[in-house]
Every structure is written in structure tokens, then in C-alpha cells.
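Take a look at the structure below.
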Amino acid sequence: MAKIIAGVGCSHVPAIGAAIDLGKTGEAYWQPLFKGFEFSKRWIADEKPDVVILVYNDHASAFSLEMIPTFAIGCAAQFQPADEGWGPRPVPVVQGHPELAWHIAQATILDEFDMTIVNKMDVDHGLTVPLSLMFGQPEAWPCPVIPLAVNVVQYPPPTGNRCYQLGRAIRKAVASFDQDLKVMIFGTGGMSHQLQGPRAGLINSEFDRRFLDKLTADPDGLARLPHIEYVREAGSEGIELVMWLIMRGALEEKVHERYRFYHVPASNTAVGHIILENPR
Amino acid sequence: MTDYSEAFKDIPGTVIFDATQSRLGYHLNMFCMALMKAEQREVFKADERTFLANFPMTEEQRQAVLDRDYNRMIALGGNIYFLAKIGATDGFSFQNLASKMTGASEDEYRDMMIKGGRPAKGNRSKSEWEHHG
């Protein structure tokens with residue numbers, strides 16, 4: 001049977017992708033950030049997941065205002081890196097896992113989560129930056145990736161609790177998949193940041209650290225945090241953090257916090273990173 | 001739903017992209033989507049006004065684009081992730097756009113971020129901005 005072995009929380013700042021693609025990771029500004037992912041790269045190389053379910057949000061790349069799915073699962077065999085206005089990132093094409101993706105789509109829909117099934121979707125920095133941070137710059141990504149896009153652009157996004165419950169449904173769905181697969185789930189975006197208006201540049205390290213503490217130890221409590229608190233405390237784009245609750249919901253109640261890293265700033269954003277392992 | 005949307009209005013310097021903004025800014029944001037193709041970016045750069053005329057936007061929205069007035073574009077229904085495509089077409093990063101929206105120079109803004117960013121304290125409620133100007 002398939003089994004979720006671990007969850008990874010990780011910011012997905014576009015400037016991090018640009019720093020990697022333009023060979024700037026050694027610069028004084030970027031060095032501390034990339035140092036914070038050295039452990040994680042070794043860890044994931046040792047763990048060798050067979051599939052990654054990657055929860056992220058599309059930033060007006062695949063989904064404009066024509067269609068705005070709340071939860072969209074990528075069931076295609078391949079996903080091309082999107083042109084976000086700079087040309088596509090020079091990263092490998094993302095290989096999907098249609099069999100598991102379709103299984104999760106069907107199982108979660110029957111579990112009363114109304115997923116949108118997507119067979120054609122370019123993937124933007126929201127998906128490719130976490131892959132770069134965890135896997136570096138390989139010729140091909142080391143495993144298939146199932147994109148799970150969450151609307152956090154058009155209000156209202158799904159509640160934290162809805163995300164957390166979807167995570168639980170994904171946990172059940174994966175456990176009922178009839179192949180021996182080691183699965184990881186990434187929750188991406190955040191942490192505190194605001195990209196718009198006179199309040200841009202907001203950072204709240206206290207909120208972020210409390211969020212990470214509760215993610216590990218009190219996810220039920222964290223799931224009850226209303227949207228207004230995310231926006232007030234962590235900035236308008238801090239709302240992306242609801243996606244980390246999908247990752248957390250997909251894990252067991254009790255997890256082992258294997259690693260944590262926090263750094264300010266990457267461009268406009270507080271970068272948070274956490275690795276949570278399920279009991280063996 | 002009214003209470004849900006109203007609550008966000010107390011947050012200073014922030015526009016929530018809700019149903020009202022989305023309806024207001026639909027064509028402005030869809031113009032931004034056209035800039036996702038390299039050849040369209042070239043056509044836009046060659047003659048911005050003519051390119052903008054292809055989209056059924058208000059004249060105010062068109063002028064805000066020509067002026068690169070991002071706060072105005074947001075007030076008129078623009079969403080930052082869409083508007084960032086104008087910035088990318090101009091060769092500007094998110095950080096550059098953010099500095100413009102705060103009225104700081106790019107260097108001042110970058111320094112603020114390196115020093116830990118804009119604190120939440122004093123920036124949670126409109127009442128805090130009114131007291132301190």
C-alpha cells in the first residue's frame with residue numbers, strides 16, 4: 001500500500017527561483033537562505049520519495065479570472081513550467097503520477113471534497129521553487145509530482161479547517177492506493193508577507209514562529225484560525241499559509257519535527273521551512 | 001458574508017481581492033494575462049495605448065496602466081499577481097513594484113526588508129495609522 005512518510009512546509013518566493021536560475025546562490029544576500037536547505041536536500045536524497053504531492057497556489061499563470069477552482073488536482077502525465085512574464089524557468093518538465101492522482105481525485109470526491117480535475121496545467125514558481133529548494137538543479141526531477149493547486153488569490157480562499165480536513169481525506173486516499181509507494185506531501189507558500197499597497201513589506205516573525213510551533217503540536221487549534229487573522233498578522237499574501245494545513249492534515253496526529261528553518265528576508269517575504277515525519 | 005468582507009476593511013494599506021474588486025477589475029486583469037506571451041509583450045511595448053484599446057477597460061484603468069500607478073490599478077480592481085506581469089514586462093521584480101507601492105525607493109525598501117521588514121505592530125488596524133499620521 002502507498003504510505004505518506006513525511007510532510008515538508010516551504011515558502012515559494014519567485015526571487016528564490018531567479019537566484020537559483022541566475023547562479024546567485026553564493027551571494028551574501030542569498031547565502032544564509034540556501035544554507036538553510038542543505039540539510040533538507042541531504043534528507044530528501046536519503047528518503048527517496050517515490051511521489052511528491054505538492055500543494056501550492058497558481059499565481060495567475062494556469063488560472064486567470066476565467067476559471068478559479070478552489071482545489072485543483074493535476075492528473076496529467078506532464079506539466080510544463082509556466083511563462084510568468086520572464087519566460088519559463090529553466091527547470092525540468094514536471095512528470096506527474098496520473099494513476100495516484102486520479103485515485104486521490106476519485107477518493108476525495110467520494111469523501112465529499114469537490115475536487116477539480118485538471119489534465120492540462122502549466123506550473124509556476126509556486127510549484128517549481130520548492131522543487132528547486134529540495135532537489136537542487138537536476139537534469140530531471142527525481143520523482144513524479146502531483147500538483148494540487150489551491151485558490152488563495154480570489155477571496156474567499158478555503159478556510160484553514162477545510163484545508164486541514166482535505167489533508168485528512170488525502171491521507172485516507174493515499175493509504176487505500178494499491179501500490180507500494182513512499183509518498184511525501186509539500187505544503188508551500190507564506191510565510192508572512194504582503195506584496196501590495198502601502199503596507200507591503202509586512203513581516204511578523206512572532207506569528208510565523210507560533211504558526212510553525214502549532215503546525216507541529218496543535219494543528220487542530222491552528223486550523224481554527226480565521227482568514228482575517230492571517231491577513232492582519234501575516235500580511236495579505238500570508239493567507240497562503242492555509243495550504244500548509246493540507247500537508248499537516250495528511251500526516252498522523254503525532255509527528256516528529258525533524259527540521260525547521262526560518263529566514264528574513266527573501267525579497268519581500270519571510271521564508272519558513274519545516275520537515276515533519278510520520279512515526280515509522 | 002457581509003461581516004466577513006467588512007472585517008478586512010479595517011486593515012490599513014490593503015485591498016482584499018474580493019468579489020467586488022474582481023468584478024471591477026476583470027478586464028484589467030485579463031489584459032495582464034495577455035502579457036504572458038513573449039510576442040504579446042513586444043506588441044504592448046511597441047504601442048501601449050493601442051494594445052490597451054483591445055481590452056474593454058475603463059479609461060481610468062488604462063491611464064493607471066500607462067502611468068504604472070500600481071496602487072491606483074489595485075484600487076480599480078487589479079490584483080497584484082496579475083499586475084506583476086506588467087512589472088515583468090518592464091523588467092522589474094516584485095521587490096521593485098512593492099517599493100513603488102509604499103512610496104519608498106528600491107534601496108530604502110530593500111534595507112527595510114533586510115532589517116526584518118515592516119513590523120505588524122502599528123500596522124494592524126486603520127486606527128493605528130490615523131493616530132500616527
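The values are calculated or read from the model by the stated rules, or taken from the named source; none is laboratory data. Because the structure is a prediction, the values reported are computed rather than measured. We place every Cβ from the backbone using ideal geometry, glycine too, and count neighbours over all the protein chains shown.
The number of residues in the range A:200-226 being touching a residue at least 12 places away in the same chain (Cβ under 8 Å) and either assigned to a loop (DSSP other than H, G, I, E, B) or within 11 Å of chain B (Cβ to nearest Cβ) (or both) comes to 12. For B:Leu66, are the conditions met, namely being among the aliphatic types (A, V, I, L, M) and in contact (Cβ under 8 Å) with a residue 24 or more places away in the chain? Judged against the criteria, B:Leu66 is not a match.
Taking helices (runs of 4 or more DSSP H) as the structural unit, those lying wholly within the range A:1-53 and holding at least 3 residues that are within 14 Å of chain B (Cβ to nearest Cβ) and buried (at least 22 other Cβ atoms within 10 Å of the Cβ) correspond to A:14-21. The conditions of being within 14 Å of chain B (Cβ to nearest Cβ), at positive phi and surrounded by fewer than 22 Cβ atoms within 10 Å (Cβ to Cβ) are met by A:Gly197. Of all residues in the range A:58-81, those that are over 17 Å from A:Gly96 (Cβ atoms), surrounded by fewer than 22 Cβ atoms within 10 Å (Cβ to Cβ) and among the small types (Gly, Ala, Ser) total 1. For the range A:254-267, residues that are within 14 Å of chain B (Cβ to nearest Cβ) and more than 18 Å from the chain's Cα centre (by Cα) total 3.
Just so you know, in the range A:76-90 the residues that are touching a residue at least 60 places away in the same chain (Cβ under 8 Å) and farther than 19 Å from B:Ile86 by Cβ include one that is farthest from the chain's Cα centre (by Cα), and it is A:Pro90. When the range B:100-133 is filtered for residues that are within 14 Å of A:Val264 (Cα to Cα) and either in contact with a Gly (Cβ under 8 Å, 6 or more places away or on another chain) or touching a residue at least 24 places away in the same chain (Cβ under 8 Å) (or both), the ones remaining, listed by number, are B:Tyr109, B:Met112, B:Met113, B:Gly117, B:Arg118.
Among the residues making up the range A:177-194, those that are within 14 Å of chain B (Cβ to nearest Cβ) and under 29 Å from A:Thr108 (Cβ atoms) are A:Gly189, A:Gly190, A:Met191. Applying the condition of being facing another protein chain (nearest Cβ under 7 Å) and of a type in the set (Ser, Thr, Tyr) to the range B:5-33 and asking which residue is nearest to B:Arg62 (Cα to Cα) yields B:Tyr26. Applying the set (1) facing another protein chain (nearest Cβ under 9 Å); (2) surrounded by fewer than 19 Cβ atoms within 10 Å (Cβ to Cβ); (3) closer than 24 Å to A:Ile68 by Cα to B:Leu83 leaves exactly one unmet item: (2).
Listed here are the residues, each with its yes/no results for (1) over 17 Å from the mean Cα position of the chain (by Cα); (2) within 30 Å of B:Arg124 (Cβ to Cβ); (3) at pLDDT 95 or above; (4) surrounded by fewer than 12 Cβ atoms within 10 Å (Cβ to Cβ).
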{"site": "B:Asp10", "(1), (2), (3), (4)": "yes, yes, yes, no"}
{"site": "B:Ala19", "(1), (2), (3), (4)": "no, yes, yes, no"}
{"site": "B:Leu24", "(1), (2), (3), (4)": "no, yes, yes, no"}
{"site": "B:Phe31", "(1), (2), (3), (4)": "no, no, yes, no"}
{"site": "B:Phe44", "(1), (2), (3), (4)": "yes, no, yes, no"}
{"site": "B:Phe51", "(1), (2), (3), (4)": "yes, no, yes, no"}
{"site": "B:Glu60", "(1), (2), (3), (4)": "no, no, yes, no"}
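Going through (1) touching a residue at least 40 places away in the same chain (Cβ under 8 Å); (2) part of a helix (DSSP H, G or I) one by one, A:Glu229 falls short only on (1). Just so you know, in the range A:89-110 the residues that are closer than 30 Å to B:Thr89 by Cβ and surrounded by fewer than 16 Cβ atoms within 10 Å (Cβ to Cβ) include one that is farthest from the other protein chains (Cβ to nearest Cβ), and it is A:Val93. If you check A:Gly23, A:Gly36, A:Gly96, A:Gly7, which single one turns out to be over 28 Å from B:Ser22 (Cα atoms) and in contact with a Leu (Cβ under 8 Å, 6 or more places away or on another chain)? Going through A:Gly23, A:Gly36, A:Gly96, A:Gly7 in turn, just one is over 28 Å from B:Ser22 (Cα atoms) and in contact with a Leu (Cβ under 8 Å, 6 or more places away or on another chain): A:Gly7. Scanning the range B:99-125 for residues that are exposed (fewer than 13 other Cβ atoms within 10 Å of the Cβ) and more than 10 Å from every other protein chain (Cβ to nearest Cβ), we see that the one that is nearest to the chain's Cα centre (by Cα) is B:Ser105. I'd like to know if the range A:238-253 contains one or more residues that are within 12 Å of chain B (Cβ to nearest Cβ) and either over 15 Å from the mean Cα position of the chain (by Cα) or acidic (Asp, Glu) (or both). The answer is yes; a qualifying residue exists.
Residues in the range B:34-57 that are of a type in the set (Phe, Trp, Tyr) and either more than 14 Å from chain A (Cβ to nearest Cβ) or out of contact with any helix residue (DSSP H, G or I) (no Cβ under 6 Å at 6 or more places or on another chain) (or both): B:Phe51 alone.
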